[in-house]
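Written below as structure tokens is the structure these notes are about.
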Amino acid sequence: MSYYGSSSSGGWGSRRVEYGRTYIVRPKGRHQATIVWLHGLGDNGASWSQLLDSLSLPNIKWICPTAATRPVTAFGGFPCTAWFDVEDISVDGRDDIEGLDASAAHIANLLSSEPPDVKLGIGGFSMGAAAALHSAACYAHGKFANSMPYPITLNAVISLSGWLPCSRTLRSKTESSHMAARRTSSLPILLSHGRVDEVVSYRNAERSVDTLRNSGFLYLNFKSYNGLGHYTIPEEMDDVGKWLSSRLGLDRSH
């Protein structure tokens, strides 16, 4: 495992975003896929890089960035690592479009230099899952919410214990474009959620799935876990590994 130093991203409205350290888990076998994995609110890339390094997925390179430290409205303005600002952790909350777009651009930039024969994906937990789903919407539309072109091709998106931001406008955007209809119907998405999640309620997952399906995302799997709160368990991560291997056509050996 290795890491890059901090980086910044400008040109997104009035904010200049200073990201934290990015951790890299290199493939132990033939490099077939690269996935950016996004941590939850207040966390960093290090903890997830250690977990992902332990999975039996030798053909995946994992990129685990750390979000910028910013004031978070839900915490009364207290600063912590966050991919965007949030007031209410639900599909009904106000959407920080500028923050979501800035994070989506940073993620796309991390993937932009990968080899052309390598499949690309984005996954995350909680707020990181919400940022991953926003990237899926940007890919489907071919542009960020601010209308700048989205530059990469996605092959898989994973949401663990997350929610769908910008859900109120997703369907109208996908219905207005033939390209979006084609991309939504072919992009594999996995949503996993605990039934007793006390932070992002299970109802938010159900509503996110309904909105995605109604917006044309037909290649979608939804898995629920009885007794699971706002954390992950080995069974869930094993299911993630099986899903990725199947959807991306990965070798199951070194």
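The values are calculated or read from the model by the stated rules, or taken from the named source; none is laboratory data. What you see is a predicted model, and the numbers here were worked out from it, not measured in a lab. All Cβ positions, even for glycine, are placed from backbone atoms using ideal geometry, and neighbour counts span all protein chains on display. For the accessible areas, the whole protein counts, side chains as well, though only heavy atoms, and no ligand, DNA or RNA atoms are used. Shrake-Rupley method; radii C 1.70, N 1.55, O 1.52, S 1.80 Å.
Of the residues making up the range 186-237, those that are in a helix (DSSP H, G or I) and surrounded by fewer than 21 Cβ atoms within 10 Å (Cβ to Cβ) number 14.
Yes or no: Tyr23 modelled with pLDDT of 95 or more, in a strand (DSSP E or B) and farther than 24 Å from Leu164 by Cβ? Yes: the conditions hold for Tyr23.
Just so you know, in the range 238-254 the residues that are in a helix (DSSP H, G or I) and among the small types (Gly, Ala, Ser) include one that is most open to solvent (accessible area, probe 1.4 Å), and it is Ser246. Restricting the first member to the range 214-238 and to residues that are of a type in the set (S, T, N, Q), and the second to residues that are assigned to a loop (DSSP other than H, G, I, E, B), the beta-carbon pairs closer than 6 Å and six or more apart or on different chains are Ser224/Arg195; Asn226/Arg195.
When Ala102 is tested against (1) crowded, with 24+ Cβ neighbours inside 10 Å; (2) in contact with a Leu (Cβ under 9 Å, 6 or more places away or on another chain), exactly one condition is not met: (2).
Are any residues in the range 51-77 within 17 Å of Leu160 (Cα to Cα) and either basic (Lys, Arg) or open to solvent by 50 Å² or more (accessible area, probe 1.4 Å) (or both), and if so, which ones? Matches in the range 51-77: Leu51 only.
When Ser147, Ser90, Ser113, Ser135 are checked against the criterion of being small (Gly, Ala, Ser), without any contact (Cβ under 8 Å) to a residue 12 or more places away in the chain and closer than 20 Å to Thr169 by Cβ, a single residue qualifies: Ser147. Among the residues of the range 81-93, those that are open to solvent by 20 Å² or more (accessible area, probe 1.4 Å) and more than 16 Å from the chain's Cα centre (by Cα) comprise Glu87, Asp88, Asp92. Quick check on the range 115-127. Is at least one of its residues open to solvent by less than 40 Å² (accessible area, probe 1.4 Å) and more than 18 Å from Leu38 (Cα to Cα)? Yes, the range 115-127 has at least one match.
Could you check, for the range 168-183, whether at least one of its residues is in contact (Cβ under 8 Å) with a residue 40 or more places away in the chain, touching a strand residue (DSSP E or B) at 6+ places or on another chain (Cβ under 9 Å) and either surrounded by fewer than 19 Cβ atoms within 10 Å (Cβ to Cβ) or among the β-branched types (Val, Ile, Thr) (or both)? No, the range 168-183 contains no residue that is in contact (Cβ under 8 Å) with a residue 40 or more places away in the chain, touching a strand residue (DSSP E or B) at 6+ places or on another chain (Cβ under 9 Å) and either surrounded by fewer than 19 Cβ atoms within 10 Å (Cβ to Cβ) or among the β-branched types (Val, Ile, Thr) (or both).
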